[in-house]
Amino acid sequence: MIYVGRAREDKGVFDLAQAWLACAERLEKSGWKLNLVLAVTDEGEQSTANSLRQMLSGHSSSVSIETNLDAPSVQQRLATSSIAVVPSIVAEGFGRTAIEAMSCGAAVITTHSGGLWEAVGETGKVINPRSPKEIATALLDLADNQPLREEMAKAGRERVLRLFNIHQIAETYDDMLMSLWDDHVSGTNKTQGLIDHMLVSE
């Protein structure tokens, strides 16, 4: 099990730590381990990392905390993890961490904050933010159900390859630019009208 992200409270990492403490005995008996891969860039984040180490110090045999790994090392950690938890509290604009975990073949547990639920779609377990109890339940559900983990991991990776690969994104962007150009040439402004409608609908 893995968390990758900033060492900040609004990323939900303390909720994950509390969830682990609540079900550690059961998970540890089954051989599960938790790896917190933290980005630490200032004194506040260093303080958070220190607090997490102290909070989880009684489980040093099953919990590891690493900071400021390079990108290949983070990818390697994700690729060797069965479950990734993205428990963000803040409204994320785009669920990049979730997508990276899905692309590496991990089953994802995340919250419905911001764009995270849109990133995982129906391929992940989506829970409420600020809910260690729901995180613990989701961890136990996946830990005890290998077929479900594998199904979620497969569906998540397929979703990333289908929707978020660079070629698909470039093609979608090109189509949008061509639509804008066609509207400009024809003077219809259909695309602008659609954008205006979407903004009003929001």
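Which listed residue (VAL13, THR41, ALA24) has the Cα farthest towards the positive end of the charge dipole for the range 8-76, taking +1 on Lys and Arg C-beta and -1 on Asp and Glu C-beta about the Cα centre? Going by the Cα projections, it comes out as ALA24. Between ASP183 and GLU28, the FRET efficiency from the beta-carbon distance, with R0 = 45 Å, is close to 0.15. For the chain, the relative contact order is 20 percent, taking Cα pairs closer than 8 Å that sit 6 or more residues apart in sequence and dividing their mean separation by the residue count. Compared with the dominant Cα axis of the chain, that is its longest principal axis, helix 132-143 is turned about 90°. Computed from Cα positions, the angle between helix 43-55 and the longest principal axis of the chain comes to roughly 40 degrees. In the chain, taking the dipole from charged Cβ atoms about the Cα centre, the farthest positive-side position among VAL86, LEU140, SER113 is held by LEU140.
Result for the chain in a Gaussian network model with C-alpha springs under 10 Å: among MET55, MET152, MET102, the largest mean-square fluctuation is at MET55.
Where nothing but the Cβ of Lys and Arg (+1) and of Asp and Glu (-1) is charged, how large is the charge dipole of the chain around its Cα centre, in debye to the nearest 20? Working shown, then result.
Values: 18 positive and 27 negative charges, 157 e Å.
It works out to roughly 760 debye.
Springs join every pair of Cα atoms under 10 Å in this Gaussian network model of the chain, and among THR123, THR67, THR111 the largest mean-square fluctuation is at THR67.
Between SER51, SER113, SER186, the residue with the greatest mean-square fluctuation in the GNM of the chain (Cα pairs under 10 Å linked by springs) is SER186. If one takes the longest principal axis of the Cα atoms in the chain, at what angle in degrees, from 0 to 90 and to the nearest 10, does the Cα axis of helix 166-186 lie? That helix lies at roughly 30 degrees to the long axis.
Any read-out appearing in this document is the output of simple, stated calculations on the displayed coordinates, not a laboratory observation. Worth saying up front: this structure is predicted, and the values here are computed from it rather than measured. Virtual Cβ from ideal backbone geometry, glycine too; neighbours counted across all protein chains shown.
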